[in-house]
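Chemist: One structure is given below, represented as structure tokens, and several questions about it will come after.
The values are calculated or read from the model by the stated rules, or taken from the named source; none is laboratory data. Computed from a predicted model, the values in this text were never measured in an experiment. Cβ coordinates were reconstructed from backbone atoms using ideal geometry, including for glycine residues, and neighbour counts include every protein chain displayed.
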Amino acid sequence: MSKFIPLSVPNLKGNELKYVTKAVETEWVSTGGPYVNDFEKNVAEYVKAKGAVSCQNGTSGLHIALLLCGVTRDDEVIVPTLTFIAAVNPVRYIGAEPIFMDCDDSLTMDADKLDEFCREECILIDGKLISHKTNKHIKVVLVVHVFGNMADMERIMQIAKQYNLIVVEDATEAIGTYYTKGKYNGKFAGTIGTIGVFSFNGNKIITTGGGGMIVSEDKELLKKAKHLTTQAKSDELYYTHDEIGYNYRMTNLQAALGLAQLEQLEGFIKTKEENYNLYRNKIQEIKGLTILDFRADIRSNHWFYALHCDENYPLSRDEIIRYLALKGIQSRPIWGLINDQEPYIGSQVYKIEKAKYFWERVVNIPCSTNLTKKDALYVIECLKNAV
């Protein structure tokens, strides 16, 4: 098998080598160095946030975000079940408990069920949302913008205000996505809730190899985030620490990569959208297959493409994955639902229905920003010939 089309790999054809070489030549390779501050500044400016604090990855960013929201082991956090497990694990790092929520057709958190859960399964006591089942304070709703789509933030923010919930946005897959209509017209994913977090993992639309970013409109929260991510030093010279901190700072080498990647982000999004439209238009001609839409009221970054198969297609989800592999095409199923994972069996769930449906029927297909039209057409042809 000579041809191999990967699922999602980096595109490093800009100033990456130039900036990283400069970091090496100046010997600023660790967590100090000018690229870190520049990258934070440029990300904040790009998403129109008051500020940004870099971190080691999206997971560490979410951990810090929950700490900044005051989540403790006595609290509960509403989370989606259809997401990567790294979005939920930080809840347990703190010792708090997740409550799993279903998705809607956008694959993001179902706002209707969120509202129903808060109304029917909880009670407001002294401004705190208390679970009937556990008598615990539900402090935060953690919203994930799946595959570069956007959750219904207008509804979710209304619900959060009504029930005194703090909103944390896991925008690890959605840098560059923003609303084009409605109350939040022009607002980027990650900048609507109290805190947003981005990821720059190797498979993301822009990458630093690893790495993440915390953004907020609250400068005091950002100051606290920087404090916690740099070992909580109250006196750097004498190594005095006033609380438990974390070694979560991004390196100058990573930030050098990130700056070069950010310069290309809009071009990457344009390529992603073109390839998405090519897939969607051609695949809709194949009976039983569709590419799931992004919300109509957003400009999505089109990070990942979700191929949906129904009973009219001759292959099941797993058969599609095996068949494409034989053709040299890497694909994957959507994540296993988190409430079904061993560490979370027995956790509270609320009417998980659509997430199960999509888990059984969605396959992610190649979506790299350096995916050629020829390779995309080859993927489509393979899917067509399986019929």
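Chemist: Kindly check whether there is at least one residue in segment 282-291 that is surrounded by 14 or more Cβ atoms within 10 Å (Cβ to Cβ) and either assigned to a helix (DSSP H, G or I) or at pLDDT below 95 (or both).
Modeler: Looking for residues that are surrounded by 14 or more Cβ atoms within 10 Å (Cβ to Cβ) and either assigned to a helix (DSSP H, G or I) or at pLDDT below 95 (or both), one finds at least one in segment 282-291, hence yes.
Chemist: Would you confirm whether or not segment 4-13 contains a residue that is in contact with a helix residue (DSSP H, G or I) (Cβ under 6 Å, 6 or more places away or on another chain) and of a type in the set (Val, Ile, Thr)?
Modeler: Within segment 4-13, one or more residues are in contact with a helix residue (DSSP H, G or I) (Cβ under 6 Å, 6 or more places away or on another chain) and of a type in the set (Val, Ile, Thr).
Chemist: A further question follows. Could you check segment 192-234 and list, in sequence order, the residues that are buried (at least 24 other Cβ atoms within 10 Å of the Cβ), outside any loop (DSSP other than H, G, I, E, B) and among the β-branched types (Val, Ile, Thr)?
Modeler: Selection gives 195, 197, 214, 215, 229.
Chemist: While we're looking at this one, here's another question. Please determine whether any residue of segment 309-317 is in contact (Cβ under 8 Å) with a residue 24 or more places away in the chain, assigned to a helix (DSSP H, G or I) and in the same structural domain as residue 369 (by TED's automatic domain parsing).
Modeler: Looking through segment 309-317, at least one residue is in contact (Cβ under 8 Å) with a residue 24 or more places away in the chain, assigned to a helix (DSSP H, G or I) and in the same structural domain as residue 369 (by TED's automatic domain parsing).
Chemist: Taking the condition over 15 Å from residue 190 (Cα atoms) and hydrophobic (A, V, I, L, M, F, W, C), does residue 65 pass?
Modeler: Against the criterion (over 15 Å from residue 190 (Cα atoms) and hydrophobic (A, V, I, L, M, F, W, C)), residue 65 does not qualify.
Chemist: Shifting gears a bit: Could you tell me which residue of segment 154-191 is surrounded by the most Cβ atoms within 10 Å (Cβ to Cβ), considering only residues that are basic (Lys, Arg) and in a loop (DSSP other than H, G, I, E, B)?
Modeler: So, considering only residues that are basic (Lys, Arg) and in a loop (DSSP other than H, G, I, E, B), the one surrounded by the most Cβ atoms within 10 Å (Cβ to Cβ) is 187.
Chemist: Which one is nearest to residue 219 (Cα to Cα), of the residues in segment 18-51 that are under 21 Å from the mean Cα position of the chain (by Cα) and buried (at least 24 other Cβ atoms within 10 Å of the Cβ)?
Modeler: 43
Chemist: Now, a different point. Does residue 110 satisfy being over 30 Å from residue 252 (Cβ atoms) and surrounded by fewer than 24 Cβ atoms within 10 Å (Cβ to Cβ)?
Modeler: Values: over 30 Å from residue 252 (Cβ atoms): yes; surrounded by fewer than 24 Cβ atoms within 10 Å (Cβ to Cβ): no.
For residue 110, the condition - over 30 Å from residue 252 (Cβ atoms) and surrounded by fewer than 24 Cβ atoms within 10 Å (Cβ to Cβ) - is not met.
Chemist: Next question, about the same structure. Take the residues in segment 322-357 that are surrounded by fewer than 16 Cβ atoms within 10 Å (Cβ to Cβ) and aliphatic (A, V, I, L, M), then tell me which one is nearest to residue 93 (Cα to Cα).
Modeler: 345
Chemist: Can you say whether residue 303 is in a helix (DSSP H, G or I), touching a Lys or Arg at 6+ places or on another chain (Cβ under 9 Å), aromatic (Phe, Trp, Tyr) and at pLDDT 95 or above, as far as the supplied structure shows?
Modeler: So residue 303 fails the test.
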